[in-house]
Amino acid sequence: MYSERTLLISGSDKGLDGVTSFLKACGCGSVTTISSGSEARRMIHHDDYSLIIINTPLKDEFGYQLSLKLSESTCAGIILICKADVADEMISRTMDYGVCVVPKPLNKTIFSQAIRTGCAFNRRLLALNKENNKLRAKLEEMRYVSRAKFLLITEQNMTEEVAHRYIEKSAMDTRRTRKEVSLEIIAKYE
């Protein structure tokens, strides 16, 4: 299965059934369809999608600005479907945002490759986001530990090595994290 959840935004009902059935045949699980950019902006804050396909033009806008907004605010792979005469312009405008542009009329091979690329992009972004969150948590812990060590050095006249060892040992002895021990020290002395 390529995509667990797919959002299809299309201003036209023409070909909607064909695109939806093609998506399901390509392995896209749940496909949600809507018709406007404003509706997409409201929905995206409540639901996570692996793949978002924008079939331009939409009822309330073209869809280009929406693709940029969604690429910045989600980890979804984004595909922008537009007429062939504007496809090159859309490619140059969206390339830096990771939006895949597919020209109309749709070629099934190219569209299938775009779907696979979008899903791969989604998986890559999710992995990077997970790693980023782990690094942020580690950095936050290091800040608290450094602050607690500083307080132990200034308030208890410990050396840095002794303060570090104190935090490590307290964490091990009480089966808590270094962050929890550090927060307790900070609360005690501040």
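Here is how the numbers come out for the structure above:
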read-out: Residue within the range 120-132 that is under 30 Å from Tyr189 (Cβ atoms) and within 16 Å of the chain's Cα centre (by Cα) present; value: no
read-out: Some residue of the range 114-125 being polar (S, T, N, Q) and closer than 20 Å to Leu23 by Cβ; value: yes
read-out: Residue count for the range 97-119, restricted to those that are assigned to a helix (DSSP H, G or I), without any contact (Cβ under 8 Å) to a residue 60 or more places away in the chain and over 17 Å from Leu66 (Cα atoms); value: 5
read-out: Test: Thr56 is closer than 20 Å to Lys14 by Cβ, among the hydroxyl-bearing types (Ser, Thr, Tyr), in the same structural domain as Asp17 (by TED's automatic domain parsing) and touching a helix residue (DSSP H, G or I) at 6+ places or on another chain (Cβ under 8 Å); value: yes
read-out: Residue in the range 38-88 that is farthest from the chain's Cα centre (by Cα), counting only those that are polar (S, T, N, Q) and under 11 Å from Cys100 (Cα atoms); value: Ser67
read-out: Hits in the range 103-126 - residues which are surrounded by 21 or more Cβ atoms within 10 Å (Cβ to Cβ) and among the aliphatic types (A, V, I, L, M); value: Ala114, Ile115
read-out: Test for Lys169: is it out of contact with any Phe, Trp or Tyr (no Cβ under 7 Å at 6 or more places or on another chain), assigned to a helix (DSSP H, G or I) and either surrounded by fewer than 17 Cβ atoms within 10 Å (Cβ to Cβ) or of a type in the set (Phe, Trp, Tyr) (or both); value: yes
read-out: Which numbered condition Tyr189 fails, given (1) modelled with pLDDT of 95 or more; (2) more than 30 Å from Ser67 (Cα to Cα); value: (1)
read-out: Residue ranges of helices (runs of 4 or more DSSP H) in the range 1-83 with at least 3 members at pLDDT below 90; value: 16-25
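Every residue, every condition in (1) in contact (Cβ under 8 Å) with a residue 60 or more places away in the chain; (2) crowded, with 22+ Cβ neighbours inside 10 Å; (3) hydrophobic (A, V, I, L, M, F, W, C), yes or no:
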{"site": "Arg5", "(1), (2), (3)": "no, no, no"}
{"site": "Ile9", "(1), (2), (3)": "no, yes, yes"}
{"site": "Tyr49", "(1), (2), (3)": "no, yes, no"}
{"site": "Glu61", "(1), (2), (3)": "no, no, no"}
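Residue by residue, here is whether (1) within 30 Å of Ala76 (Cβ to Cβ); (2) touching a helix residue (DSSP H, G or I) at 6+ places or on another chain (Cβ under 7 Å); (3) of a type in the set (Phe, Trp, Tyr) holds:
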{"residue": "Leu126", "(1), (2), (3)": "yes, no, no"}
{"residue": "Glu131", "(1), (2), (3)": "yes, no, no"}
{"residue": "Ser146", "(1), (2), (3)": "no, no, no"}
{"residue": "Met158", "(1), (2), (3)": "no, yes, no"}
{"residue": "Ile167", "(1), (2), (3)": "no, yes, no"}
{"residue": "Arg175", "(1), (2), (3)": "no, no, no"}
{"residue": "Ile185", "(1), (2), (3)": "no, yes, no"}
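The values are calculated or read from the model by the stated rules, or taken from the named source; none is laboratory data. Note that the structure is predicted; figures quoted are calculated from it, not measured. Using ideal geometry, Cβ is built from the backbone for each residue, glycine included, and neighbour counts are taken over all protein chains shown.
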